[in-house]
Structure formats: structure tokens, C-alpha cells
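Only one structure is covered here, and it is reproduced in the block below.
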Amino acid sequence: MPERTVFFTRKMPPAVEERAAKRYRTVLNPEDRALTAAELVARSQGADAVVPTVSDKFDAGVVRALGAGVKIIASFSAGIDHVDLAAARARGIRVSNTPEVVTEATAELAMLLLLGAARRAHEGEAMVRSGSWSGWAPTLLLGRQLRGKRLGIVGMGRIGQTVARMARGFGVEIHYTDQVRLPPEREQGAVFHPDLEGLLRVSDLLSLHAPATPETRNLLQARTLALLPRGAIVVNSARGDLVDDDALIDALRSGQVAAAGLDVYRGEPAVDPRYRALPNTFLMPHLGTATLETREAMGFRALDNVDAVLDGREPPDRVA
């Protein structure tokens, strides 16, 4: 029996659990339900490593109470805003994430949101499924075409750059803002805006790819949404905290925003019921990385970090 223990907070793809079991004793979550803070702490007792997901809140209280032997929190995610890094440092627990492997899948999902919102996919599918479709008509569910539009990207990291690459195939003009301008070879002709306000004013289409921080909370609010060209399309595959729900819902009702594609929500899995009631929303249940290839790669990457720490090496994806 392996002497070291890894605690997985959620059910993992079979290949990930199988790899872990070859080297470690594993504490699994076969019910695949979100664990309470008390359960996270209880199941971590005796563990050498914990592999949480973005839906697990490892706040300071949870981190301080983790099992005494925990040496690494190897998060199954690219973002790490669900882990209190300061509390982990104070305990000498390393924290890692799974960057890079999430890029393509998340960018594909952003494009799905953009196309779904622009072409009124939710309304069309509902019409077919309900049997209310009575046949083709010249004015049936007229949406918006992407070609010739200006796509504003907030956050031009790996995912933002991949969205730009994909979107160019649809004939859109790429604009972006970020803390630092990209070198020309990575911009690929994209237009840089040094501030968010300037970007919003030219964004017929807007895609959010910024991390959740105190500075980016409510990045889209009434004032900033009003800067968009009337009838813009907004998609968010980053974090729900970037959007003021009241403001976006008002903009969707008034027509300032023609449609929104959302994969993330404030307080998820709870979703503001007003979004569900609006016909001009295309809603997904946080599926940004939800491909078999990506989720397996994320699990293997997390285990690479666990292996490194438990073997006395520096984890390749250390963030704290």
C-alpha cells in the first residue's frame, strides 16, 4: 500500500484517478458533490497533497485547518482565486495550478458563446425542441453576423490570444486591452487600447478574459456598459465577478446590449433567475474546460505538481 495520500475534492476523469492510484493512496469523492468547508478539512486529515477544483473555497480558515501533513494544494484549475495564497504561504504549503492546458478548450467555449449569442441559438433550439417551429421565414430569428465587426478582448493572455486567433477566421477586427501591450509578433495586427474605456467604445463584440481580483470586480457595470456601441454582444467565459448582474440585465432589457453569452456567474451554481427569463441570453453551466482531453490534461498536470513536491522537487506550476 502506498504510504503517501492524495485527497481529490471532486470526482476526476478515470485516467487521472487511475494514475494517482498507482502511486498514492487516494481519498476520492465518488458522489461528486461539492464538499462543505468542514468536510474539506476532515477529509484532508492524513493527506500529503490536496487536489481541489475551482468550485472549492479554500479560504484562510480552511487552509489553516487542513491536515498537518499537507505539503501542496495542487489546484485542478488555471485560476487560483479560490485559494487563500497568503494563508498557504503562512503554513508553508505550496500552491500550484494547471495553466496552458486549458487554453484551447476555453477559447473554443468563448467562441461558442459568441456565436450562440449572435445567432440566437438558444431561441432557435427551444423552438425546434418545443415543436413551435412552423418553417423557414425571411425574418425568423434574425441575429448578427460576426464578419466585419470589431471584437474587443479584455485580457490578452493565452486564452485571449487564442480567441483572437480563432475569431480572425470569422473576419472580425481584433482590439484588446491589457496591463502590458504585446510585442508586434504576438499582436498579429490587433489594435491595443491602453484603457478599458477606449476599448469598450469600439467593441461591437466583447469577450472577457481577465482574472477575478478586487480591481476587476464589476468591471462591466452601468457606466462601462454604456460606453459600448448600442447593440453590442457581450460574452464572459472568465469569472462571474467581472460583471455587475443588475447592470448587464438592464442593458439586455434596454437593447444597449443585444445579447450575452455567459459561462460563469457570480455565486454559481446559483444563477440570477432574470438571466434565464431573458430571450437574448445564451447560458452555459461553466463548461469552459469541459472536454475529455482538457480535463485529463488538467488532472495529469496537477499530479505532476504533486509528484514534484512529494519527491522533494519544485512544482513546475507553482503560484505560491
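The values are calculated or read from the model by the stated rules, or taken from the named source; none is laboratory data. Computed from a predicted structure; not experimentally measured. Glycine gets a Cβ as well: all are built from the backbone with ideal geometry, and neighbour counts include every protein chain shown. Accessible surface is based on the protein model in full, side chains and every heavy atom, while ligands, DNA and RNA are left aside. Shrake-Rupley method; radii C 1.70, N 1.55, O 1.52, S 1.80 Å.
Would you please name the residue that is most open to solvent (accessible area, probe 1.4 Å), looking only at residues in segment 196-222 that are touching a helix residue (DSSP H, G or I) at 6+ places or on another chain (Cβ under 8 Å) and assigned to a helix (DSSP H, G or I)? So the residue we want is A222. Can you give me the number of residues within segment 144-162 that are in contact with a strand residue (DSSP E or B) (Cβ under 6 Å, 6 or more places away or on another chain) and crowded, with 20+ Cβ neighbours inside 10 Å? Number satisfying all stated conditions: 7. Collect the residues in segment 223-244 that are assigned to a loop (DSSP other than H, G, I, E, B) and either open to solvent by 50 Å² or more (accessible area, probe 1.4 Å) or under 19 Å from E268 (Cβ atoms) (or both), keeping them in residue-number order. Once the filter is applied, which keeps residues that are assigned to a loop (DSSP other than H, G, I, E, B) and either open to solvent by 50 Å² or more (accessible area, probe 1.4 Å) or under 19 Å from E268 (Cβ atoms) (or both), segment 223-244 yields A226, R230, S237, A238, R239, D244. Can you list residue pairs whose Cβ atoms sit under 7 Å apart, with the first residue in segment 300-316 being closer than 16 Å to T5 by Cα and the second being open to solvent by 30 Å² or more (accessible area, probe 1.4 Å) and among the small types (G, A, S)? Count only pairs 6 or more apart in sequence or on different chains. Short answer, once both residue conditions are applied: none.
Among the residues of this structure, R165 counts as one that is assigned to a helix (DSSP H, G or I) and under 25 Å from the mean Cα position of the chain (by Cα). Assessment of segment 173-190 against the conditions (at pLDDT 95 or above, among the hydrophobic types (A, V, I, L, M, F, W, C) and either open to solvent by 80 Å² or more (accessible area, probe 1.4 Å) or touching a His at 6+ places or on another chain (Cβ under 8 Å) (or both)) yields at least one matching residue.
Here is a yes/no grid of residues against (1) closer than 24 Å to G267 by Cα; (2) open to solvent by 40 Å² or more (accessible area, probe 1.4 Å):
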residue: D56; (1), (2): yes, no
residue: V70; (1), (2): no, no
residue: G79; (1), (2): yes, no
residue: D84; (1), (2): yes, yes
